[in-house]
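**Q** The structure's right below; bear with me while I get my questions together.
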Amino acid sequence: MKKYRTRLFIALFICFASLSLPLFLVWQHYSTTTTMVHNEPANASVVDQKIVDETIERIAQLKQSPATVSTGTVQIYTNIAFKYLFEYPSNVALQTTAEMDPDVFTSKSIELFVPGHALLIGVDILESPKTLADFAVEVRNWQVDDINPNIPSDRLISDLKKTIIGGRDAFSFDLSVLFHSPNHGYTLGDNNVYTYVITEGVGDYKYIFRYLNGDEQAKKIFDSISFTN
């Protein structure tokens, strides 16, 4: 009887041990998993806080820096024959107005405009042996002496004054309605006021630039004009 009890005890112990080990392993697995899941939000919050701190710092930097606004791709026009260039935005169209010189990069006459709007910039190149000052006076006199009856009597023709364009000496005057040239006839002004700037160029050539008065985009293009000779 005593031996039977001993064997029964041993059998029960073995059964208990065989059941306890799997239960222990299951408990250990879930305990570890729970710990890992519990730790993930803590790590994530550290990362999130870092992003927040960096964002706040970037916003502070932007507030201290001047804002920049994109105006589109800037293009560069270079007239290889008459050695001048300027910058203009991609929304502005450029064309030659000289029928005998269709190549816009060698043309004596070009225009820049936004389709559907007034002319922004115009360039006319004329050959003259006169000095710059005498030629500028002559160009203005073409307007003063014009007796075309269709031109309004109150058309604006301002006095001639000295100025600078692209680092070169020049003369300028303001003009409204129409520009008259003995060689090229009339250039429409769309009832706007244009500033005409006259300077010397290659050889005996004189350059007549005009830009739409009071237009920020036209003035920016005009201010970018420079010469390569």
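**Q** Would you mind listing the strands (runs of 3 or more DSSP E) fully within segment 119-224 where at least 1 residues are modelled with pLDDT under 95, over 22 Å from Tyr84 (Cβ atoms) and among the small types (Gly, Ala, Ser)?
**A** So the answer is 168-181, 185-200.
**Q** Is it the case that Ser176 is farther than 19 Å from Ile125 by Cα and crowded, with 18+ Cβ neighbours inside 10 Å?
**A** yes
**Q** Still on this structure: Quick one: what pairs do we get from segment 77-101, first residue assigned by TED's automatic domain parsing to the domain that holds Glu200 and closer than 19 Å to Glu216 by Cα, second part of a loop (DSSP other than H, G, I, E, B) and of a type in the set (A, V, I, L, M), C-beta under 7 Å, 6+ apart or different chains?
**A** That search, which allows pairs on different chains as well, returns Phe86/Ile225; Asn91/Val114; Val92/Val114; Leu94/Val104.
**Q** To continue, here is another question. What single numbered condition from (1) free of Cβ contacts under 8 Å to residues at least 12 places away in the same chain; (2) more than 24 Å from Ser226 (Cβ to Cβ) fails to hold for Val193?
**A** (1)
**Q** A follow-up question, please. When Asn229 is evaluated against the numbered criteria (1) more than 30 Å from the chain's Cα centre (by Cα); (2) outside any strand (DSSP E or B); (3) at pLDDT below 85, which criterion, by number, is the only one it fails?
**A** (1)
**Q** Turning to a different aspect of this structure: Restricting attention to segment 117-138, does a residue exist that is under 26 Å from the mean Cα position of the chain (by Cα), in the same structural domain as Lys206 (by TED's automatic domain parsing) and surrounded by fewer than 16 Cβ atoms within 10 Å (Cβ to Cβ)?
**A** Yes; the residues of segment 117-138 include at least one that is under 26 Å from the mean Cα position of the chain (by Cα), in the same structural domain as Lys206 (by TED's automatic domain parsing) and surrounded by fewer than 16 Cβ atoms within 10 Å (Cβ to Cβ).
**Q** Now for a different question. Where residues in segment 95-115 are at pLDDT 85 or above and in a loop (DSSP other than H, G, I, E, B), which of them is farthest from Tyr84 (Cα to Cα)?
**A** Pro115
**Q** From Leu119, Leu132, Leu112, grab the single residue that is in contact with a Ser or Thr (Cβ under 8 Å, 6 or more places away or on another chain) and either polar (S, T, N, Q) or touching a residue at least 60 places away in the same chain (Cβ under 8 Å) (or both).
**A** Answer to the check: Leu132.
The values are calculated or read from the model by the stated rules, or taken from the named source; none is laboratory data. This structure is a prediction, so every number in the text was calculated from the model and none was measured. Neighbour counts run over all protein chains shown; Cβ positions are idealised from the backbone, glycine included.
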